[in-house]
Each structure stands twice: as structure tokens, then as C-alpha cells.
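Asker: Have a look at the structure that comes next, please.
The values are calculated or read from the model by the stated rules, or taken from the named source; none is laboratory data. No experiment lies behind these values; they were computed from the predicted model shown. Here the Cβ positions follow ideal geometry from the backbone for every residue, glycine too, while neighbour counts run over all protein chains shown. Just the protein is used for accessible areas: all its heavy atoms, side chains included, with ligands, DNA and RNA removed. Shrake-Rupley method; radii C 1.70, N 1.55, O 1.52, S 1.80 Å.
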Amino acid sequence: MFVRWLLPVLWALSAEADFFQFDSISNVSTYYFNYIYCNIWEGECQPNQDDATQQVPTRDLWAGFPQDYISLLHQWYCSMGQCCESGDCRITNNITGLARDLQTKLHGQHLAQSVVLKAIQGFINNPESNKPLTLSFHGWSGTGKNFVARIIADNLYRDGVKSECVRLFIAPFHFPHARLVDTYKGQLREAIRDMVLRCPQTLFIFDEAEKLHPGLIDAIKPYMDHYDNVDGVSYRTAIFLFLSNIGGATINDVALDFWHSGQNREDIGMEDLEHRLRAETMESHGGFAQSELMSGHLIDFFVPFLPLEYRHVKLCARDAYAARGLETDEATLDEVAKAMLYVPKEERLFSAQGCKSIPQRINFFLP
């Protein structure tokens with residue numbers, strides 16, 4: 001009851017003093033009241049991240065407070081028995097669920113399954129990590145990069161990709177104009193800092209990362225480096241995922257070589273790909289090759305996503321039907337799989353489209 005009484009007083013005092021210097025007190029008050037109600041009192045609501053009026057304001061609420069004070073306030077609140085075992089109800093860190101989902105929902109990607117699970121598990125279980133976890137996903141479109149990013153979010157956070165602790169950036173959408181790179185730098189740094197201040201474990205996903213301007217990557221490079229803190233803020237518990245098509249040709253060549261030599265696809269190991277993948281990324285055009293992220297060796301793992309075979313496409317089709325609550329049979333799954341493009345075409349070996357378009361494809365086969 002004391003907390004419920006105290007909050008309105010704090011709001012009144014902050015507004016009277018114009019301490020935060022917000023442009024619109026009404027919108028900001030609505031957002032933060034909703035935020036506190038959802039996350040401290042755990043009311044039955046979900047802040048809408050797509051609603052511009054419910055976005056976190058540019059000037060961070062907690063920026064005026066020392067981190068020691070924020071930590072002390074958090075500990076006091078938890079001492080009242082209002083926190084989850086993890087210390088934050090938004091964070092679930094379900095490693096068992098992550099392992100299960102990677103094993104049962106991700107098809108044809110034994111390397112990604114192994115590397116992602118070990119990397120995430122090792123990072124979560126090591127609170128004394130000396131840097132954030134940085135993973136770079138590589139491969140053809142439709143092979144599962146976005147899908148795995150979503151699986152990670154779903155198992156580490158209560159609200160998955162909609163969590164306040166997760167932020168997705170799509171390079172061509174969020175940073176489309178090279179001439180505005182200096183503006184983007186400030187916006188991106190502020191967005192990352194704000195997220196880290198509001199959530200003790202954050203997940204940042206950069207899709208189509210090969211299209212990021214190198215200056216933009218360098219602007220956030222300190223957040224991924226081996227620093228105790230940057231301007232008083234620690235980023236060591238953050239996770240950065242970069243999703244890129246770079247290296248797709250190299251990965252496909254290795255898979256094709258194994259097929260020609262009669263070896264099993266599952267025999268492909270990281271030693272067959274990681275060095276070549278790193279080299280191709282360094283030689284590529286775009287933000288990655290020219291950024292200090294590469295020259296500083298700050299990417300912890302380069303994760304290859306193999307081209308999918310016909311049998312994997314059928315499994316994706318099966319999952320797509322099941323997701324709609326529909327029953328299907330082998331004949332129908334074959335029809336869906338045959339509608340995809342393959343390389344080499346006559347062998348129906350590697351799907352040129354992956355599983356990305358399967359949900360749309362099955363619409364043509366529904367009665």
C-alpha cells in the first residue's frame with residue numbers, strides 16, 4: 001500500500017520540478033504508469049511497442065539516477081517478495097526450453113543447434129562474463145536465422161520478441177539513408193543505453209546486418225567490447241545477434257562438396273566452415289568488413305546455416321500445417337515441397353528459398 005501511495009507523489013514532484021524536461025508530460029506519464037503497473041505490480045496488460053505514444057521517451061527516465069541507486073531500489077523491491085527467481089519477471093532464461101525448441105522446431109541445422117545452445121547456455125550461466133555475447137548468423141535467406149532469433153527471445157524472455165528487453169533493428173528499414181548515418185549513430189547509442197538501463201539482460205537483433213553502414217557498427221562497438229562500463233553503464237549482460245546473408249555461397253559450396261563426396265550432411269563440422277566464413281565476411285562489401293567489430297575480433301561465434309534439403313522442406317511444411325491446426329499427409333507435403341526451387345534443379349537437393357515462404361505456399365493447397 002505504501003508503494004501505491006508513494007508513486008502519485010513522485011509523479012507530482014517530478015512534474016512540478018520539470019526534472020525530466022519531457023516534451024509531453026501526459027504521454028510520458030501514461031507510458032511510465034503503464035510500465036510500472038505491468039512490470040512492478042504485474043497487472044494484466046501488455047505495453048504496445050507499435051504504438052508511438054507508448055514508446056520510451058528519448059530522454060531516459062533513469063538516466064538521472066546512479067546505477068547503484070537503481071540497484072538498491074531493485075533489491076529493496078525484491079526483498080518484499082515481489083520478484084521472480086531470476087530477479088526480473090520479464091526474464092525467464094529457459095535453457096531447457098531453448099534446447100527443446102532448437103531440437104524439435106529447427107530442421108536441417110545441426111551446427112546452429114549446437115553452437116547457439118552452447119553459446120547462450122554458457123553466457124547465461126556465467127554472470128562474470130567480461131563482455132556481452134555477440135553472435136553472427138550467416139546463410140541463405142529462409143534457412144532459419146530469423147527463426148532461431150525468435151526461438152532465443154521466446155525462451156529467454158516471458159514476452160518473447162515483444163518483450164521490453166528485446167529490440168529488433170532491420171538495417172534497410174531503420175537506417176535507410178547513408179547521409180543520415182551521424183543521426184542514426186546517436187539514435188542507436190541512445191536506444192541501446194536506454195534498453196540496458198531498463199532491463200538487466202537485453203537482446204539486440206540486427207537483421208540484414210550486411211547493409212549496416214560501417215560507421216554505424218563502430219558507433220556501438222564499445223558496447224560489445226571488453227569494458228567494465230561505458231559512461232557508467234555496464235553492457236556485459238547484453239546479447240547482440242547479427243543476421244546476414246554473407247557467407248551463403250561459401251556455406252553452400254561446403255555442403256555441395258560433402259554431397260559430391262558421398263559424406264553425410266551431419267558430418268559437416270564448424271572446423272569445415274568457421275575459418276572460411278570469417279574470411280568471406282572480412283572480404284565482403286558493407287558494414288561488417290570495414291567495421292572494428294571484425295578487426296577487433298568481437299564476434300564470439302560465426303554461426304552457419306546450411307542450405308535445406310527436400311526432406312527438411314517437408315518438415316517445415318508439416319510444422320506450418322500443424323501451426324494452423326490442420327492435418328495433412330505425405331502426398332500433400334510432397335506437393336508443397338515440390339513447389340519450391342532447388343539447386344541443382346534436377347537433383348532437388350538444396351532449397352533455394354529455404355522454409356521462409358512455406359506458410360504462403362500452403363495456401364495454394366488448402367481446399
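Asker: Under a Cβ-Cβ cut-off of 12 Å, what is the net charge of the residues other than E280 that fall near it, where Lys and Arg count +1 and Asp and Glu count -1?
Answerer: Surrounding charge for E280 is -2.
Asker: Which value, in Å² rounded to 10, gives the accessible area of L133 with a 1.4 Å probe and all protein chains present?
Answerer: Surface accessible to solvent at L133 totals approximately 10 Å².
Asker: To the nearest 10 Å², what's K105's accessible area with a 1.4 Å probe?
Answerer: Around 100 Å² of this residue is reachable by solvent.
Asker: Short version: ³J(HN,Hα) in whole Hz for each residue of region 135-146, in order, from phi by Karplus 6.51 cos²θ - 1.76 cosθ + 1.60 (θ = phi - 60°), x for Gly and Pro, what are they?
Answerer: With the stated coefficients, region 135-146 comes to 10, 10, 8, 10, x, 4, 5, x, 8, x, 4, 5 Hz.
Asker: Could you pull out every residue, at least 5 positions away or on a different chain, whose amide H is within less than 5 Å of the one on I170? Hs are placed 1.01 Å off N in the peptide plane, and Pro or chain starts have none.
Answerer: Amide H neighbours of I170: D207.
Asker: Let me ask you something else. List every residue whose amide H lies under 5 Å from the amide H of Y342, counting only residues 5 or more places away in sequence or on a different chain, with H placed 1.01 Å from N in the peptide plane.
Answerer: Under 5 Å from the amide H of Y342: A352.
Asker: What number, in percent, do you get for the relative contact order of region 309-364 if the mean sequence gap of Cα pairs under 8 Å and at least 6 apart is divided by its residue count?
Answerer: The value is 43 percent.
Asker: I need the phi-derived Karplus couplings for region 87-101: 6.51 cos²θ - 1.76 cosθ + 1.60, θ = phi - 60°, integer Hz, Gly and Pro marked x.
Answerer: x, 8, 5, 6, 10, 10, 6, 7, 5, 4, x, 4, 4, 5, 5
Asker: Here's another thing I want to ask about it. Provide the percentage of antiparallel DSSP beta bridges, counting only those with both residues in region 95-306; round to the nearest 5.
Answerer: The answer is about 5 percent antiparallel.
Asker: Then there is this: Report, by chain and number, residues whose modeled amide H sits under 5 Å from the one on Y235, excluding near sequence neighbours (fewer than 5 apart, same chain).
Answerer: The answer is V230.
Asker: By the scheme Lys and Arg +1, Asp and Glu -1, what is the net charge of all other residues having a beta-carbon under 15 Å from that of T104?
Answerer: Local net charge: +1.
Asker: Moving to a separate point now. Using a 1.4 angstrom probe on the protein heavy atoms only, could you order H177, H138, H297, H285 from most to least accessible area?
Answerer: The most accessible residue leads, giving H285, H297, H177, H138.
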